[in-house]
Amino acid sequence: MIELFRAHIIDVPGDPLRGTAGLRAIEDGALAIDAGRIIDLGNYTELTARFPQAMQHDWSGATLLPGMIDIHVHFPQLPVIGSMGLPLLSWLSERTLPAEAALDNEAAARDAARRFLRSLAANGTTGALVFGSHIAAAQEAFFQEAADSGLRICSGLALGDRELPAPLLRSADQCYRESRELIKRWHNKRGVRYALTPRFSVSCSEAVLEVCGALMREQRDLLFQSHINENQDEIALVRRQFPWADDYFATYERYGLTGRCSVYAHNLHPAPDECERMAAAQVAVAHCPSSNAFLGSGSFPMQQHLKCGMRFAVASDVGGGTGFSLFKEGLAAYEMQRQRDDGVALDPAALLYLVTGAPAAILGMGDHVGSLDPGMLADFVIVAPASDGTLAAVLDAVTTPEQRLGALFTLAREECIAATYVGGREIYRRSG
Ligand SMILES: [Zn+2]
């Protein structure tokens, strides 16, 4: 059955950062979907005439955007959002890793997974690359809940054999066996994809990185995620731990942890040659501006990444990040670039691309999701703020789609998401 969703429609079919396209906007438009896919979009009156039998969903006045995709967010860290006053390494040891160790029983893990997944959907996020738990049973519970959530989730067991609290430590051999079992159970099963997830070189001996390389060779289509160049103390520690390595990336490079479906979070302080090698290795970067500011880690050299030809997208990094809203992260990215002498001038089209088309392409899903082109899977979000709030007042005054989108990135947050759809199926509806 064909369904028609009436709303102001905005998406970005190309890459505005590299000049291939800008905003596509249809005031009082409609999106036609059938069997979970987009079959048409256009003016509401015209589409109603074309599909007179369609079931109508009247979101007139609201804005319909492609579903947002978060390529760096930590499943066990929701409870530590807002842990103020600490830089990265003490934030990890004093607040975050103890909280991660609390997922040592199934009920706690399942409850955490449900809340986490619901928070993604409630913020208009339809897909995510999720940093998992170090505890295999907790990660199993997460995968089960992810499969039931309807979201497009890629995730994996976090790995490390040092610089972690005892309940999270696993030997290299355990890392191998537990990862392999979860890959067998979940990779490309029930809508879930597996991402190999060494926490960062700080917590991984060479034996663990070696195991990761072996798993990547055994299963060529795995995704990969880790952290890099987030904080100067962290970088100095890696230099001491790996005296043979010229830089941080070299610690991953040696073990073959590269390729088109590899995502490294942060990369705030890369050496020029390091950035070039990362781009040549085709890895992508998750830029997490609110986390970088919150932890005082530094600011993102976006211009350097563009010059290197590196792919990147904007992500939340909950719980270093300040919440799940990718609107908020887009605003933070915009503000961070405004502060830099070499800052990239981001416009609303670029921000929307960095949370839709860019992350979709990085996760190898760019042919299916990320824009509202006919033929794409029907992943989209309805943004409808309360009529008596600030955002509604601003939207009443806008005269262009760019202004509408600029207002959404600046003011729209979780409470403005009215409904979230994945593959044409409503997976979240705001109550009230
Ligand atoms: Zn992270």
Legend entry - Heavy atoms of residue 260 accessible to a 1.4 Å probe, total area in Å² rounded to 10: 120
Inset, instruction - Return one number: the angle in degrees, 0 to 90 and rounded to the nearest 10, between the long axis of the Cα atoms of helix 206-218 and the longest principal axis of the Cα atoms of the chain. - result: 50
Inset, instruction - Write down the accessible area per residue of the chain in Å², having rolled a 1.4 Å probe over the full set of protein chains. - result: 37
Inset, instruction - Could you tell me how many degrees, from 0 to 90 and to the nearest 10, lie between the Cα long axis of helix 106-122 and the main elongation axis, the longest principal axis, of the Cα atoms of the chain? - result: 40
Legend entry - segment 68-324: relative contact order in percent, alpha carbon pairs under 8 Å with at least 6 residues between: 21
Inset, instruction - Would you please give the residues with an amide H less than 5 Å from that of residue 316, counting only those at least 5 places away or on a separate chain, with H modeled from the backbone geometry? - result: 71, 72
Legend entry - For segment 294-432, alpha-carbon Rg relative to the globular expectation (2.2 N^0.38 Å, N residues): 1.11
Inset, instruction - Would you mind giving the average projected area, over all directions, of the Cα convex hull of the chain in nm² with one decimal? - result: 19.7
Legend entry - Calculated SAXS-style log₁₀ I(q)/I(0) at q = 0.09, 0.23, 0.24 Å⁻¹ - segment 1-111, Debye, Cα scatterers: -0.49, -1.20, -1.28
Legend entry - Heavy atoms of residue 163: accessible area, 1.4 Å probe, square angstrom to 10: 110
Legend entry - Rounded to 10°, Cα long-axis angle of helix 232-241 versus longest principal axis of the chain: 40
Inset, instruction - Taking just the C-alpha trace of segment 68-324, give me its Rg and Dmax in Å. - result: 16.5, 47
Legend entry - Heavy atoms of residue 244: accessible area, 1.4 Å probe, square angstrom to 10: 80
Legend entry - Long-range amide H partners of residue 430 with built H, under 5 Å: 419
Inset, instruction - Report the charge-dipole magnitude of the chain in Debye, nearest 20, computed about the Cα centre from +1 at each Lys and Arg Cβ and -1 at each Asp and Glu Cβ. - result: 660
Inset, instruction - Could you go through segment 351-361 in sequence order and give the Karplus-derived ³J(HN,Hα) for each residue, using 6.51 cos²θ - 1.76 cosθ + 1.60 with θ = phi - 60°, rounded to whole Hz, and x for Gly and Pro? - result: 4, 5, 4, 5, 10, 10, x, 5, x, 4, 5
Inset, instruction - Would you work out what percent of the accessible area of the chain, with all protein chains in place, is carbon or sulfur (probe 1.4 Å)? - result: 49
Inset, instruction - Determine the distance separating the Cα centre of segment 194-241 from the Cα centre of segment 294-339; give it in Å without decimals. - result: 21
Inset, instruction - Calculate for the chain the 222 nm mean residue ellipticity that helices alone would give, adding -39,500 (n - 2.57) per DSSP H run of length 4 or more and normalising by residue count, nearest 500 deg cm²/dmol. - result: -10500 deg cm²/dmol
Inset, instruction - Over every pair of different alpha-carbon atoms in segment 230-331, take the mean of 1/r and invert it; report that Kirkwood radius in Å. - result: 14.1
Legend entry - P(r) of segment 110-154 over all Cα-Cα pairs, binned every 10 Å from zero, in whole percent: 30, 61, 9
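The values are calculated or read from the model by the stated rules, or taken from the named source; none is laboratory data. Predicted model, so just to flag it, every value in this text is computed and none were measured. Because the Cβ atoms are built from the backbone with ideal geometry, glycine has one as well, and the counts that use them run over all protein chains shown. Keep in mind that these areas ignore ligands, DNA and RNA; they rest on the heavy atoms of the full protein, side chains included. Shrake-Rupley method; radii C 1.70, N 1.55, O 1.52, S 1.80 Å.
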